1. Scan (1) out of contact with any Cys (no Cβ under 7 Å at 6 or more places or on another chain); (2) assigned to a loop (DSSP other than H, G, I, E, B); (3) modelled with pLDDT under 95 for the single condition A:Gly106 breaks and write down its number.
2. Please pick out the residue among A:Thr200, A:Thr131 that is away from chain B (no Cβ under 14 Å), assigned to a loop (DSSP other than H, G, I, E, B), farther than 28 Å from A:Leu388 by Cβ and touching a residue at least 60 places away in the same chain (Cβ under 8 Å).
3. Given A:Asp216, A:Asp183, A:Asp205, A:Asp196, which one is out of contact with any strand residue (DSSP E or B) (no Cβ under 7 Å at 6 or more places or on another chain) and either at negative phi or surrounded by fewer than 24 Cβ atoms within 10 Å (Cβ to Cβ) (or both)?
4. So which residues in region B:115-144 are in contact with a helix residue (DSSP H, G or I) (Cβ under 7 Å, 6 or more places away or on another chain), under 14 Å from B:Leu96 (Cβ atoms) and not in a strand (DSSP E or B)?
5. Need the failing condition index for A:Arg279 against (1) in a helix (DSSP H, G or I); (2) crowded, with 18+ Cβ neighbours inside 10 Å, just the number.
6. Could you say which residue among A:Leu528, A:Leu569 is in a helix (DSSP H, G or I) and closer than 24 Å to A:Thr487 by Cα?
7. What number of residues in region A:21-64 are part of a loop (DSSP other than H, G, I, E, B) and among the β-branched types (Val, Ile, Thr)?
8. Please state which of the following conditions A:Glu613 fails to meet, knowing it meets all the rest: (1) over 24 Å from A:Arg240 (Cβ atoms); (2) in a helix (DSSP H, G or I); (3) in contact (Cβ under 8 Å) with a residue 24 or more places away in the chain.
Amino acid sequence: MPRLVIDDLQIEVPEGTKVIEAAERLGIMIPRFCYHKALGSAGACRMCAVKFIHGPFKGLQMSCMIDAQDGMVVSTTDEEAVAFRRQVIEWLMMNHPHDCPVCDEGGQCLLQDETVSGGHGLRRYPGRKRTYHDQYLGEFIAHEMNRCIHCYRCSRFYQDFAGYRDLGPMQIANRVYFGRFRDGPLESPFAGNLVDICPTGVYTDRSSRYKARRWDLQRVPFLCIHCSLGCSTVASARYREVVRIEARFNESVNGHFICDRGRFAYPYANLADRPRRARVDGEDASLAEAVRAASGRLDQISMNAGPDAVALVASDRCSLETLAVLKRISREKGWRHPAVFPRPDLEHKTRRAVSRLDRRLAVSMRELESADFILAVGIDPVHEAPMLALALRQAFREDAGIVVMDPRPVSAPFDFDHVAIAPAEIGGCLSRITEALSALQADSAAQGKETRRPEAAGPLRADLDSRIAGIVERLRGSRNPVIVCGTDIVRDSTPDRAADLARLLLQLKARPCLFFVLPGPNSFGAVLLAESPGRSFSDVVQDIEQGKVKALLVVESDPFKNFPDRERLERALDRLDLLAAMDYLPTSVVGRAHIVLPTCTVFECGGSFINQEGRVQRVEPVHEGGIPVHQVSGGGHPPRVFSHEVPGGEIEAAWRTALEVAGYTNARDNLSILKIMAEEHPGFARCRDIPTSRSFRVLPDAGDRPPVCEETGDRAAPEAADTLEVVLVDRFFGTEELSGYSPVIQNADSEPLVFLHVRDAEPLGIAHSDWISIALEGGGLEVRAGVSAQMAEGVLVIPRHRLLEWQKLGPVPAQIPFGRISRAGKE
Amino acid sequence: MKEQLDQIFSRHHGTRDALIPVLQDIQAEYGYLPPEAMEAAARFCRVAPVEVYGVSTFYAQFKFSPVGRNLVMVCQGTACHVMGGARVLEEVQSRLGIRPGQTTADGRFTLETVACIGACALAPAMVVNKDTFGRVKPEKIMEMLNGSGS
């Protein structure tokens, strides 16, 4: 390890560390623009010049371009280096428009900082400045090229790091321009990161434009809850309104970046039609009155029809606190345990995935980046877990092989082999791979036996055999393989089969190798707290229909979004004696509830969530809650109406209100909630000892215990040749609940397409982007078709899109006969 | 346009390394690079349109707007500068009413400056299409332009 001296301080750094990085470890921030930890060196800006006094290099050199070596003596404060840097910043500022007062970057601008630190104060150049035309880059990002200093960070992130090609460098010399060929929305779902990495104000966040200076914001280290990965963010609020989300570096989860869904979903917390007042039978009430009414009526129903007639419904966007409290009160009151998952299969698969994950198997997203072979099954990374796609891209850049086994027309910013097979075939393929691999490893077969169980490998197509053999070979030949498994579209037993393969790989390679993607931000927590076997919402509906359930308390959940049969759900809810809803979103359930108890978003009350690898992450609130000032004042400032209370400030976290509804009036402080969590699951006891800035994993150590497998009857593949299997899927925008309420995302979202294979579409006379109609007993659906050759045959891929009333399909059938799909006349 | 482009593409392999020859052929055909042709070239060479524009704007040889029927290049190299090249340029500018890089409204002349044409002994020099003029006197300029230009 090279040892060098920087500014009279000695430091030893790993081989290959740049001098600029070594200095940073000593706390010396050498000025820089083009250098970025995630993007590496470019040597473009000349700002990080330092003086090398002794060693293999002499004189002025760029500290980002030179690896630290033994015996180097470096000065960052040498007169020559300082003078050089002063000149560099002066010429970088030559064409800069000095429009800081109207620039959103002002106050958090690296260019401002380095101008001051570089010692450039007075402008000497009197000539004309170079100017550019700006482009329209979509709803998320504003473009102001005049501010550019040509550090190339944006194009290096956009093209090299993230793998998208529609934004890049053009022109030459001092006319260099970063933009698109024509105006138009950026294609990358990670484009929002340009705002963070641009050292000046070329790319700024349109959604938060002109709202605040950084120093005016309440900024809190935060957590993204828009998929199961749990990326780290910084949330900013002003005047009781969340105004900006930025990426936060997290070594083990997301690295430096986040996706656009995570960045631009936040306006759901600022909606004007958010439930802010409690309601009882359609009349506004104070929160205390509504809580009393709910409490009284629930007790009444418990007394008359038995406590079993009261059911709780939650969702995987509830915090761990809420889920723990619901579990506690349902047990103590005798109410039904909260149903978190909308469908029984989702609950089952998540539970299987969570129960198979242990400390030795689980891979974090950052570890995934160093894998050399990745087999991803039943997952469309960009749409289901966007940052996973970026992690896979980093593995791909280091020459990892990637195989995606999925029926959808998967597209991703890296090269991969797509094995396009129907969901029913995925499990069989995994079993075959496991069998072949363990048979090949004759030596380790003896140990391998105990974890293997008899697999009923279904009949597979002949052309798959060679591809499976290829995957087995690549798994064998790789040093650090990883299995990524989705839980949405796969069959019930697939997570188990993926885990079987991962266990075998663990024995062979002695490295963690299993990465699950779960349905929602707190699915992991929900199954940890669930009774076993858990109930899903469809069981609850059945019990309502049979008259067993008379009252429903729906907590931060919208069954209308996920329940496949809308009419049946409406009929069931109408039968209830009491429908009480606690939520912060203006959902359909809130609209029809007898009692509405508004709750706080996670921005206002914080909370804990467990991501898909079992990492418990806790965040503090960003602001204290209440109706945003500009909504109270009707857009004017300052507000003209004053009161002692914060308008809308009586709303509390869901767990607090739930405790009150259940009659616990004095266990509502933060200490008690940690106690309740620890009592409900021993794994959460550490929450009490660990500060919110740190995360920990709740995973069992026990690697050697044989996994408990549950045999489940998988739904069979459609047998009739004249049907298509329906696969309901998530999309990057439009299917996730919270971001669906964000106006900026609604504007940027594109029309949903229903995909089918070109060979299935041809006989029906359907071409790409034709309107088709799908006729079913429950109703019809008109939608644009996508036709692709890069997907499995025999499936119909339907996004659960906000704009697509897929719930109208009625009870979603496993398969749709060809005869029900036709070209619609609509143009 | 599609037919002409297809003909150009038929002479090349549709790969990234064929991009510059393809662009040169497009320019030979149209005299400049129309945006639609650049997009077609991007599809043909399997690169992003932004990369095509990036490559073509990197080199001085490519033009992005139609050029006039006659190309006027006024040398601004060291020798010509010393011998009054700036005055020649001024005169051409005022006579044609355009600045370097622009084309007259009637599409007759495009004016450009060059750093040196290698005729330093004849400074100040000027090139109209394929004719090179040496020891240019500002008052003779109109004659030269009319004589050589079509």
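The values are calculated or read from the model by the stated rules, or taken from the named source; none is laboratory data. Computed from a predicted model, the values in this text were never measured in an experiment. Reconstructed Cβ throughout: ideal geometry from the backbone, glycine too, with neighbour counts over all protein chains shown.
1. (1)
2. On inspection, the qualifying residue turns out to be A:Thr200.
3. Going through A:Asp216, A:Asp183, A:Asp205, A:Asp196 in turn, the sole match is A:Asp183.
4. Once the filter is applied, which keeps residues that are in contact with a helix residue (DSSP H, G or I) (Cβ under 7 Å, 6 or more places away or on another chain), under 14 Å from B:Leu96 (Cβ atoms) and not in a strand (DSSP E or B), region B:115-144 yields B:Pro138, B:Ile141, B:Met142.
5. Going through (1) in a helix (DSSP H, G or I); (2) crowded, with 18+ Cβ neighbours inside 10 Å one by one, A:Arg279 breaks only (1).
6. Of the residues listed, the single one that is in a helix (DSSP H, G or I) and closer than 24 Å to A:Thr487 by Cα is A:Leu528.
7. Number satisfying all stated conditions: 2.
8. Every listed condition holds for A:Glu613 apart from (2).
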